[in-house]
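The values are calculated or read from the model by the stated rules, or taken from the named source; none is laboratory data. Quick caveat: nothing in here was measured; it's all calculated off a predicted structure. In this analysis, Cβ positions are derived from the backbone assuming ideal geometry, glycine residues included, and neighbour counts consider all displayed protein chains.
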Amino acid sequence: MSRFDEVDDQYDPHELEQQVFEYWDEVDAYEQTVEHRSDGESYFFVDGPPYTSGSAHMGTTWNKSLKDVYLRFLRMQGYDVTDRPGYDMHGLPIETRVEERLGFENKQDIEEFGEENFIQECKDYANEQLEGLQEDFQDFGVWMDWDDPYRTVEPEYMEAAWWGFSKAADRGLVEKGHRSISQCPRCETAIANNEVEYEDVEDPSIYVKFDLADRDGSIVIWTTTPWTVPANTFVAVDEDGDYVGVRAEKDGEEELLYVADAKHEEVLKEGRYDDYEVVEELSGEELLGWSYEHPLAEEVPDHVDAEGAFEVYAADYVDTDGDGTGLVHSAPGHGEVDFERGRELGFPIFCPVGGDGVYTEEGGKYAGQFVKDADPEITADLEDNGALLASGTVNHSYGHCWRCDTGILQIVTDQWFITITDIKEDLLENIEDSEWHPEWARDNRFRDFVEEAPDWNVSRQRYWGIPLPIWTPEDRDDDEDRIVVSDREELAERVDQDVDADDVDLHKDTVDDLTITDGDTTYTRVPDVFDVWLDSSVASWGTLDYPSDDSRFDELWPADFILEAHDQTRGWFWSQLGMGTAALGESPYQEVLMHGHALMPDGRAMSKSKDILIDPHEAIDRHGRDVMRMFLLSNNPQGEDMRFDWDGMQTMENHLRTLWNVFRFPLPYMRLDEFDPTETTLEDVDEDLELIDEWVLARLQSTKAEMTDAFEDRRQDRALDALIEFVVDDVSRFYVQAVRERMWAEEDSGSKRAAYATIYRVLRESIALLAPYAPFISEEIYATLTGEDGFDTVHMEDWPAVDEYFQDDRLEVDVSLLRAIEEAGANARQQAGRKLRWPVPRVVVAADDERVVDAVERHTELLEDRLNAREIELVSPDDRWEELQYSAEADMSELGPAFGDRAGQVMNALNEARIDEPSLEAIEDAVSDVLEDGEEITDEMVSFVTQTPDSVAGTAFGTDGDDRGVAYVDASLTDDIESEGYAREVIRRVQEMRKDLELDVEERIALEFSIDDERIADLVSDRKDLISEEVRADERRDVEDGHRKEWEVEGVTIEIAIEPLAAAEASD
RNA sequence: GGGCCAAUAGCUCAAUUAGGUUGAGCGCCACUCUGAUAAGGUGGAGGCUCUCGGUUCAAAUCCGAGUUGGCCCA
């Protein structure tokens, strides 16, 4: 492309973006950009790997766009950025998808299909999904190393997980444990607490009486899981709670029931007792040690049989005024808190339920039944045994498997743990080493989570994952003797079989058969795979292929920057910190940017399954990639959610269209004049720079400074605001308007060259500033501006630095004052009912300070021109314009302290007062009614406001909310003004009629017009030469066949007819 | 049920990070300009700052309770 080539009149994102894609391909734009920075300082970014199920949604799109804008920014700042994208490809979600595809129902189907085949299916599925994501991300214009993403299923990466785990083991942080975990009975695996999703469901709600063994009566418990009653081991109470004994009567029989005082009415109501009476008041402490009979002792013969079982104990999880009865049925074989307390009390852990949720032989009568199916039978048996006080149902939120939506069960099984709780202090300390945006995310949310984090259960009884690299002796069931393998090399060395370290696949089907023999002992592998969260937790070194490739680890690790949404606080932010600390004792990242979620326009969460979503592809179809990116990036990235908004998208498109117009406006002139930016630089035209040029260059400097600061604060949205304000407000609406005439001039001049050089610099730097946000349009404009002289891509440009030479705060203020005066003048004009087309005799500028005086004096002509005023009259701050009246405005920050609770009253009086001169005496006099003895109005309390005479309208002007003066437009009429005003009206109508005929700008016409008011007709005829020139009328004569129209203008009727001269000649 | 975050114009957000008469952009309406023209300019309407209490002469801002939404956890 050569410089200043013709460009489309219209900004058409789709065509443009397609061309840019092709162009990037053609010149290897990405590769060149990476190479260009290869000598720069290293910057280690780690991509949080999206999970490979499903396609990119608006949230991922926002996430990747944010990453892209920061990576591009960092590159422009000169860093050699590590930008390897990653994909999280293991785990239960993919297994369940594949199971669905294959029509599987349970683990047995998988075993029949074959582990190896199943793993292959999972791999294929994950890779398929990965391709879709890759395509989407590239389509959004994200620049990362797409040719070489890290995949958690590759041996190099899996090895990184092994290595991290073995380091943790070396540090004594790996142990096998018997724990209460959340189990999905369908997937037949433990799932992590953060994989449990809560949903409202209807469950049984039963009240059960446990008969007391050595005294009268029963204690009453409540549960929504009858199936846990067989495993009951003890009952817990709140030591400090209040309990009562109640004598209750139903159907003529009396019972003695013990429940919490706060709950007794509710419980007795549930039990439909006819009458009752509180007969005893006890503290929880008094209940301790009471023993009771297991209500299903016969049905479950293997029930717990231990010293001290079936007695009442204290536990801190009991609440006497929550749900239930204040006495809690506790089964250490199921509930997590029950388990902890049961262990403290030294009870055996009785769990008669298998991983599939079916009672084992220990379940006695219920053996072989799925626990939830056994609920009715158990309830019935309790009733038969006389233990059921009430039974019904309850709606409550209950945990479900995040993938298959099956209700989870709490059971106790053998699992492997990283004992995070042993290094809690280190974790909390390491938090301090990372900088978070926003800060509260770290100091509130994240810290709270880390403080409460339990040991990390990393084992899953599934197939598609990184196998645990643990080998244990064949016949032992503890973790006293174990081998943790750290990498493929060690594996090849130690196993009994022949393994090639370079091409061994580490998946379950491969490693399950490998054994290790040490002396007389044969070790076999623990069959579990890792929790998928462990996969991504090692990304900071997995990205570098460490340990198999150790060339960059020392230099780069830990990561400089990570950027994810707030759901990762408990996800990746946490798992990385946990793993980094367990394996290496350090936080694996130094800076975190935590963004929010993408919400629907009405604020609802997006949800693919409910079809509540906005598809990024639709956004692209409607507005293009640049617009979508700019919209996404214009949102605060720090912790707050973003509402998608189609109007916001449209606004961004309008801004880009404005930019496009600004960019293409000077091109024809530059082409015509053969302007060469390499020959005519800003330095060359320094002498000829006009004030407005210097001003726009000064604004450019402060825009760059503001943007850089905002970027460094991780507020790219504020940087974008600053850029848009500069381009749309300062460049388009002001600079281009002001500079047009200089470019129209046909002869060469210093002034014109200065304007060219200025706008060239402005455009070129603005486009560099825009490039991280809108890489496509930036590329196109950059290519047109630079031709052969620039880089092959704008993304190789340096981030524009502030040029001190052009910094000029004073000038920026001056021009903002002039613009404020101009705006106020336009406002005042409108109030006075005088259109801009009509000149006004004078505009009076009353300046509040010398700066304003200064600015107006230097730019009187500019102001006259812009305001279409015959004269500008300046009133200096020391003087008053004597034609004015005054009122006073109160300053509450002064009135408040002085008048206390009467401040409001005084304010109203001040605001209503009207006085002839702006003096304290006058105003005090006017508000004397509300002033009490000794009170006075001081200078600081009021500012005086002008009241204008007729035919004059005044509007205050100011900058940044501070008043700096008032512009008064005197709209009175004179013959001269009416003459020009009406003449301009005629000109404007003729121009419109020329447009009706679609005449060329240069085409000559014959003109006829008549005005039905004699005085005005005379006035207008004084300006007939002006009219003829402006509308290119060579002849003033009667027009017969031409275009004829009648207009109503400012109370008179004007009839106009025109005819192109060429047409008239042809018809002669 | 608990923790964190948010709530200001129809929409998206500001309000100088220990209170002082609420602002911008977009949208809407009216007017206007016409050598960027499916552009540009000016104005207007539109707010009990989510609710209820409290502190204070004065609260969008500080405190307490609640409501709604989002995320996380149980």
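Annotations
- When each of A:533, A:541 is tested for being modelled with pLDDT of 95 or more, touching a helix residue (DSSP H, G or I) at 6+ places or on another chain (Cβ under 6 Å) and of a type outside the set (A, V, I, L, M), the lone residue that passes is A:541.
- Just one of the listed residues (A:736, A:728) is in a helix (DSSP H, G or I), near RNA strand B (Cβ under 9 Å from one of its atoms) and within 28 Å of the chain's Cα centre (by Cα), and it is A:728.
- For region A:887-944, residues that are of a type in the set (Lys, Arg) and within 12 Å of RNA strand B (Cβ to nearest atom) total 1.
- Neighbours by Cβ (under 8 Å, 6+ apart or cross-chain): first from region A:381-404, closer than 18 Å to residue A:325 by Cβ; second within 14 Å of RNA strand B (Cβ to nearest atom) and not in a strand (DSSP E or B): A:394/A:224; A:396/A:224
Quick grid of which residues meet (1) modelled with pLDDT under 90; (2) in a helix (DSSP H, G or I); (3) out of contact with any Phe, Trp or Tyr (no Cβ under 6 Å at 6 or more places or on another chain):
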| position | (1), (2), (3) |
| --- | --- |
| A:1 | yes, no, yes |
| A:5 | yes, no, yes |
| A:9 | yes, no, yes |
| A:18 | no, yes, yes |
| A:24 | no, yes, yes |
| A:43 | no, no, no |
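- Single unsatisfied condition, residue A:207 versus (1) part of a strand (DSSP E or B); (2) within 15 Å of RNA strand B (Cβ to nearest atom): (2)
- If you go through region A:605-637 and keep only what is outside any helix (DSSP H, G or I) and either more than 9 Å from RNA strand B (Cβ to nearest atom) or closer than 21 Å to residue A:781 by Cα (or both), you end up with A:608, A:609, A:610, A:611, A:612, A:613, A:614, A:615, A:624, A:637.
- Any hit, region A:748-764, residues being modelled with pLDDT under 90 and within 21 Å of residue A:631 (Cα to Cα): no
- Any hit, region A:364-381, residues being among the aromatic types (Phe, Trp, Tyr) and out of contact with any strand residue (DSSP E or B) (no Cβ under 6 Å at 6 or more places or on another chain): no
- Any hit, region A:647-664, residues being assigned to a loop (DSSP other than H, G, I, E, B) and within 14 Å of RNA strand B (Cβ to nearest atom): no
- Positions within region A:810-844 being within 16 Å of RNA strand B (Cβ to nearest atom) and more than 30 Å from residue A:1051 (Cβ to Cβ), in sequence order: A:813, A:815, A:816, A:817, A:818, A:819, A:820, A:821
- Elements of type strands (runs of 3 or more DSSP E) in region A:502-604, at least 2 residues being of a type in the set (Ser, Thr, Tyr): A:515-518, A:521-525
- Residue A:125 farther than 30 Å from residue A:354 by Cα and assigned to a helix (DSSP H, G or I): yes
- Criterion: modelled with pLDDT under 95, within 14 Å of RNA strand B (Cβ to nearest atom), of a type outside the set (Val, Ile, Thr) and touching a Pro at 6+ places or on another chain (Cβ under 9 Å) - qualifying residue of A:596, A:571: A:596
- Total residues in region A:986-1039, condition small (Gly, Ala, Ser) and either surrounded by 15 or more Cβ atoms within 10 Å (Cβ to Cβ) or in contact with a Ser or Thr (Cβ under 8 Å, 6 or more places away or on another chain) (or both): 4
- Any strands (runs of 3 or more DSSP E) falling wholly within region A:380-478 and containing at least 1 residues that are closer than 26 Å to residue A:351 by Cβ and of a type in the set (D, E, K, R): A:409-418
- Index of the failed condition, residue A:367 passing every other in (1) farther than 30 Å from residue A:455 by Cβ; (2) in contact (Cβ under 8 Å) with a residue 40 or more places away in the chain: (2)
- Meets criteria (touching a strand residue (DSSP E or B) at 6+ places or on another chain (Cβ under 9 Å), closer than 20 Å to residue A:377 by Cα and aliphatic (A, V, I, L, M)) for residue A:353: yes
- Condition check for residue A:718: assigned by TED's automatic domain parsing to the domain that holds residue A:669, assigned to a loop (DSSP other than H, G, I, E, B) and under 24 Å from the mean Cα position of the chain (by Cα): no
- If you filter region A:316-350 down to residues that are β-branched (Val, Ile, Thr) and either without any contact (Cβ under 8 Å) to a residue 40 or more places away in the chain or within 16 Å of RNA strand B (Cβ to nearest atom) (or both), you find that the one that is farthest from residue A:391 (Cα to Cα) is A:337.
- Spans of helices (runs of 4 or more DSSP H) in region A:961-1050 with at least 1 residues touching a strand residue (DSSP E or B) at 6+ places or on another chain (Cβ under 9 Å) and away from RNA strand B (no atom under 16 Å from the Cβ): A:1014-1021, A:1024-1031
- Flag set for residue A:302, criterion: assigned to a loop (DSSP other than H, G, I, E, B), modelled with pLDDT of 90 or more and not β-branched (Val, Ile, Thr).
- One residue alone among A:707, A:670 is in a helix (DSSP H, G or I) and under 35 Å from the mean Cα position of the chain (by Cα), and that residue is A:707.
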